[in-house]
Amino acid sequence: MYRRVIRIGEKSIGVTLPKQWLDSLNIGLGDLIEVKAVEDMLIIKPVISEHGSSNTAVLSSGEGSDEAMRIIIAGYIEGFDDIMVKGPRESIRRAYQAIESKLPGSLILEGDEGIMVKVATSETNIDLKMVINSTSTILNAMFDKISTYLESGDSSLLDETVGMDDQVDKLYFLALRTIKKLSFRDPKESIDDTIIVKNMEHVADALDRTASTLKRMQKIEPDCVKELNNRIKDVWSYTLRAINSYQSGSKEQALKVIMSREELLSRMFNLVRKPCSEEMAGIMHELQLIIALSVDIAEATFSNYVRSVTKRQPSKEINESNDEQSI
């Protein structure tokens, strides 16, 4: 369908839209829409509807609370505001109680048809960069607590590290929900953002497992503890540099991260060859995983760089025929 650009009033111009399109999207007078230029396209998307556009998913759960938990998380991430879960009510309640703290803006309501999880979070008010910054700050604290434990032997620091993984999960689910609902703004950037938040969440999981492993371990030889702490500090610095390269858009820093991977891995293997290698095998695996995740983050920095450069380049001229223009 084609539309002609017309004058509206003395200074504005606009384009009319078919009523059936607006009706299908439940857009009416007074509703807020977002308009964005993406390459050679204009994207128009409703943001807030005064007409109560329903954003509801009706889902069925089996007997176990694990399935209900996964269904609720998936519905949250997919951007549904009302998630009606049908199934054994007690299982659904237990599932929600287990994940409630990880789903910002959610609450549970009992109904005749099932249990409703309602989400009141407005993604348009979420600053994704702030979410990534907050996650980075928590990861920094998790590394710090593990390192301090190895120096002081204060096991409460390991308990705090495990608890902080839940904070990262909360930010992770919020970030994925925001990315999915607002990905139309810049689909390519949303892919990179997804890679970043997912890898950061995996880093937190690896640190969680590292802390849990240290809690289970018996007394470690002092030389091994010192060596392990040095390696953790290496990976700590490496990970934060990778995240910072993405946050700052520094391809130079990202390249340094990628190019120093082999040297860092070789230092990991030196520890494995020591007498305490058997005790450290599980932790070494987690540290190597964190290194690989950090490299993925650095690689995403290059994608971001290439995209930012191409955006600054002059776009191709649009050929117009007579006085009509396709938008």
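The values are calculated or read from the model by the stated rules, or taken from the named source; none is laboratory data. Keep in mind that this is a model prediction, so the values were computed, not measured. Neighbour counts run over all protein chains shown; Cβ positions are idealised from the backbone, glycine included. In case anyone asks, the SASA skips ligands and DNA or RNA and just uses the protein heavy atoms, side chains included. Shrake-Rupley method; radii C 1.70, N 1.55, O 1.52, S 1.80 Å.
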Hey, does segment 199-207 have a residue that's at pLDDT 95 or above, open to solvent by 40 Å² or more (accessible area, probe 1.4 Å), closer than 30 Å to ASN304 by Cβ and more than 18 Å from the chain's Cα centre (by Cα)? no
Which residue pairs have Cβ atoms under 7 Å apart, sit 6 or more places apart or on different chains, and have a first residue in segment 189-215 that is touching a residue at least 40 places away in the same chain (Cβ under 8 Å) and charged (D, E, K, R) and a second that is assigned to a helix (DSSP H, G or I) and open to solvent by 40 Å² or more (accessible area, probe 1.4 Å)? ASP192/SER303; ASP208/VAL162
Quick test of your reading of the structure: LEU128 fulfils all but one of (1) hydrophobic (A, V, I, L, M, F, W, C); (2) within 23 Å of ARG70 (Cβ to Cβ); (3) open to solvent by 20 Å² or more (accessible area, probe 1.4 Å); (4) touching a residue at least 60 places away in the same chain (Cβ under 8 Å). Name the failing condition by number. (2)
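LEU287 - would you say it is at pLDDT 85 or above and either outside any helix (DSSP H, G or I) or in contact with an Asp or Glu (Cβ under 9 Å, 6 or more places away or on another chain) (or both)?
Against the criterion (at pLDDT 85 or above and either outside any helix (DSSP H, G or I) or in contact with an Asp or Glu (Cβ under 9 Å, 6 or more places away or on another chain) (or both)), LEU287 qualifies.
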Does segment 216-230 contain at least one residue that is modelled with pLDDT of 95 or more and either in contact with a Leu (Cβ under 7 Å, 6 or more places away or on another chain) or hydrophobic (A, V, I, L, M, F, W, C) (or both)? no
Those residues of segment 155-184 that are within 13 Å of LEU128 (Cα to Cα) and in contact with a strand residue (DSSP E or B) (Cβ under 9 Å, 6 or more places away or on another chain) come to a total of 2
Those residues that are surrounded by 14 or more Cβ atoms within 10 Å (Cβ to Cβ) and over 21 Å from the mean Cα position of the chain (by Cα), I need them from segment 97-116; list them, please. ILE108, GLY114, ILE115, MET116
